[in-house]
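Below is one structure, written out as structure tokens; the observations come after it.
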Amino acid sequence: MTEFKDFDQQLLTQIKILLEKLDKKSENRKKLQNILKILKNQDNLQDKEGGHLEKFDQKKFDNQKYFNLKIKPLLDVLYTPEISENLLGIIYNLIEDKFAESLTINWHKWSENNVQLITYGDTIKDSKSSEKPLVTLANFLEDYLQDTITGVHILPFNPYSSDDGFAVIDYLQVDEKLGDWDDISAIALQFNLMIDLVINHVSSQHQWFKNFQEGKEPECNYFITVDPDTDLSSVVRPRSTPLLTKVETKTGEKYVWSTFSADQIDVNFANSDVLLEYIKIIIFYIELGIKYIRLDAVGFLWKKIGTTCIHLPETHTIIRLIREICQMLDPTIAIITETNVPNWENLSYFGNGNEAHMIYNFSLPPLLLNALIQGRSDHLKTWMMRMPPAPKGCAYFNFTASHDGIGLRPAEGLLREEEYQTLLTKMQEFGGKISYRQQPDGSESPYEINISWFSAMKGTMEGEDQWQIERFLCSQTIMLALEGIPAFYIHSLLATSNNEENVVKTGQNRAINRHKWDYQELKAQLENPQSDQSIVLNKLSRLIKIRRQQPAFHPNATQYTLHPLNRALFTFWRQSSDRAQSIFCIHNLSKQRQNLILSQLNLIDTEKWFDLISHSAIENIHDKYTLQPYQCLWITNYRAYK
């Protein structure tokens, strides 16, 4: 962008002449004055008197040009030309002094080394200490996971009124019951920190909504009011609760849009002031040192009556806008979208490689669960073959369990009806609950299975058996090997079973998988080599450490689906970007021994092959290999793990 250094004195003179001719109130005059101001700051230009003018700040000028180029077209999609123009200047002023040293795109945000933990700030509490839960969490991470995981997603830690943190009262504060910003920063210094931006709605106790009820500017326009007689039947619902909530305001009774609950009021992004509020919040979070921003429930962001109000073009535009701003402030930051929807809809959030850096692999949990219940790989293979590689600079975010349930919408069109029903029945037999959502015709359909992933591994379609731990470890081994970044919900690492008391206590199905551990009790379990917690954490920690050393497990390394004749085996091939390492990932999905003819894997005679998991050599690639129930193999030509 150095061409702007060559403006000469003649150009300055011409602009000054034009300014004298233009009306003082003319918009063109204002624009020319801005150009003149920039030129007068240019290094080595002289005015009429021959004196040297101030040094031109080339970097600042380049930043503004880059900003206008990237941001204005996006604002033009969302708002009128007048609003867009005004907003452009306001946003630039917010970030003008915060630009990163380099705006070059960072193509190396992750590697095979990245492994994420998902946890609430108070999942572990110490009954023998007065320390805040975030301090206890930091202690647990240091004691047990320091050399295992590289990143931590702390679920909403702001003051909240419901939904375990997802009804935010104040985005700029830490819930004092959990700790403070120093505690958050301490974890961010040790691990790549992911935080939630609950962007679709706020708590009914948020000051914005209180001001809305009082009719105060500007918040009186921050929310969406709708006549209750309006036809909203086309709106896609994730819940069975009413879409509109009746509230009292200073000017009378109103109905506000509330996608998830009466306590979670949707904000109105059609109002540019709302966008500005969230940009300020994002800037605040970035300055804290976070690395991943999770956009919660982002698919529902933009509302337009007469449409489904999900995945609208404006929603995708806002994600692009957030991505561009983050790129300007810190190119190492990644945006992840949370859209628990059918697979083809979820994939749209990559855009053209210009929206989310990461998307949750939402189809994996229900399909993997079904595969292990059925003991065969059919649907997993079909799904894998349909999954495109993530675009350049993007990655899948793989998980099996989360703080929510196992979403069923992502399995739509991927399971046969009888298998779907068997899955629901067996999960209920294993102690799980089924949550429902409302269809446009008023009927209800299953939305998610609420169950601890460890409890979900109790058995198969034949009922409970003795293979729970082996089946569970098989599921996590598959997740670790797939293209993408692996993420473990803390209760998976800790083999936590269903907490049915929580469901009774809270009346919420999701509470079944949100157990709170006492740290003293947890340490006792982890120090007992016979406990489920000790066995699972030790075995998973070992697998994670092996995984982190394999170039073929880079999140964007090539992945090929393999097709052994045995349907009980789920197999795929990962290959490093330089093609130096191959890993053949083989998984027995059944509780019976299964035979594999190694020559079916395309192992090359001239290479020496080695199973990373059992730490044993493959002596003859033409042999038949017998896999024990739920056994997994990572056969490679590359020994990075001793």
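Here are some notes:
- Of the residues Tyr447, Tyr436, Tyr420, the single one that is open to solvent by 40 Å² or more (accessible area, probe 1.4 Å) and touching a Phe, Trp or Tyr at 6+ places or on another chain (Cβ under 6 Å) is Tyr436.
- Verdict on Ala371 being among the aliphatic types (A, V, I, L, M) and either within 18 Å of the chain's Cα centre (by Cα) or part of a strand (DSSP E or B) (or both): no
- Residue within the range 154-169 that is among the small types (Gly, Ala, Ser), over 28 Å from Leu275 (Cα atoms) and in contact (Cβ under 8 Å) with a residue 40 or more places away in the chain present: no
- Filter result for Leu589 (open to solvent by less than 10 Å² (accessible area, probe 1.4 Å) and under 13 Å from Thr477 (Cβ atoms)): yes
- Within the range 383-412, the residues that satisfy the criterion of being farther than 26 Å from Ser111 by Cβ, part of a loop (DSSP other than H, G, I, E, B) and touching a strand residue (DSSP E or B) at 6+ places or on another chain (Cβ under 6 Å) are Gly405, Leu408.
- Output for the range 45-84, where each listed residue is part of a helix (DSSP H, G or I) and either at pLDDT below 85 or among the charged types (D, E, K, R) (or both): Gln58, Lys59, Lys60, Asp62, Lys65, Lys70, Lys72, Asp76, Glu82
- Counting only helices (runs of 4 or more DSSP H) that fall entirely inside the range 131-237 and contain at least 3 residues that are under 23 Å from the mean Cα position of the chain (by Cα), the qualifying elements are 133-140, 181-190.
- Residue in the range 148-156 that is open to solvent by 10 Å² or more (accessible area, probe 1.4 Å) and either touching a Cys at 6+ places or on another chain (Cβ under 7 Å) or more than 20 Å from Leu301 (Cβ to Cβ) (or both) present: yes
- The set of residues in the range 576-626 being more than 29 Å from Leu369 (Cα to Cα), within 34 Å of the chain's Cα centre (by Cα) and not charged (D, E, K, R) consists of Ser577, Ala580, Gln581.
- Selection count, the range 510-544, where residues are crowded, with 21+ Cβ neighbours inside 10 Å and assigned to a loop (DSSP other than H, G, I, E, B): 1
- Close Cβ contacts (under 6 Å, 6 or more residues apart or on different chains) running from residues in the range 58-78 that are on the phi < 0 side of the Ramachandran plot to residues that are small (Gly, Ala, Ser) and part of a helix (DSSP H, G or I) comprise Leu75/Ser84; Asp76/Ser84.
- Residue match in the range 545-555 (condition: within 29 Å of the chain's Cα centre (by Cα), closer than 30 Å to Ile359 by Cβ, open to solvent by 30 Å² or more (accessible area, probe 1.4 Å) and free of Cβ contacts under 8 Å to residues at least 40 places away in the same chain): no
- Subset tally (residues that are assigned to a helix (DSSP H, G or I), surrounded by 22 or more Cβ atoms within 10 Å (Cβ to Cβ) and hydroxyl-bearing (Ser, Thr, Tyr)) for the range 295-350: 2
- Conditions (1) open to solvent by less than 10 Å² (accessible area, probe 1.4 Å); (2) assigned to a loop (DSSP other than H, G, I, E, B); (3) among the aromatic types (Phe, Trp, Tyr); number of the one not met by Trp110: (1)
- Answer residue from the range 266-296, given it is modelled with pLDDT of 95 or more and of a type in the set (Gly, Ala, Ser) and is farthest from Met328 (Cα to Cα) among those: Ala270
- Residues that are assigned to a loop (DSSP other than H, G, I, E, B) and of a type in the set (Phe, Trp, Tyr), drawn from the range 612-640: Tyr630, Tyr638
- Out of Asp183, Asp164, one residue alone is among the charged types (D, E, K, R) and within 17 Å of His403 (Cα to Cα). It is Asp164.
- So Leu414, is it of a type in the set (A, V, I, L, M) and at pLDDT 95 or above: no
- For Asp170, the stated conditions do not hold, so it cannot be described as under 30 Å from Ile535 (Cβ atoms), in contact with a Pro (Cβ under 8 Å, 6 or more places away or on another chain) and surrounded by fewer than 21 Cβ atoms within 10 Å (Cβ to Cβ).
- Screening Val274, Val247 for residues that are crowded, with 16+ Cβ neighbours inside 10 Å, assigned to a helix (DSSP H, G or I) and not hydroxyl-bearing (Ser, Thr, Tyr) leaves exactly one candidate, Val274.
- Some residue of the range 223-231 being surrounded by 14 or more Cβ atoms within 10 Å (Cβ to Cβ) and charged (D, E, K, R): no
- Cross-chain or 6+ apart pairs with Cβ under 6 Å, the range 276-303 first and farther than 30 Å from Leu232 by Cα, then acidic (Asp, Glu): Ile286/Asp330
- Long-range neighbours under 6 Å by Cβ, at least six apart or interchain, first residue under 15 Å from Glu253 (Cβ atoms) within the range 215-229, second open to solvent by 80 Å² or more (accessible area, probe 1.4 Å) and of a type outside the set (A, V, I, L, M): Gly215/Lys250; Gly215/Thr251
The values are calculated or read from the model by the stated rules, or taken from the named source; none is laboratory data. In this text, all values refer to a predicted model and were calculated from it rather than measured experimentally. Glycine also receives a Cβ, built like all others from the backbone with ideal geometry; neighbour counts cover every protein chain displayed. The protein model used for the area step is the full one, side chains on, heavy atoms only, and it has no ligands, DNA or RNA in it. Shrake-Rupley method; radii C 1.70, N 1.55, O 1.52, S 1.80 Å.
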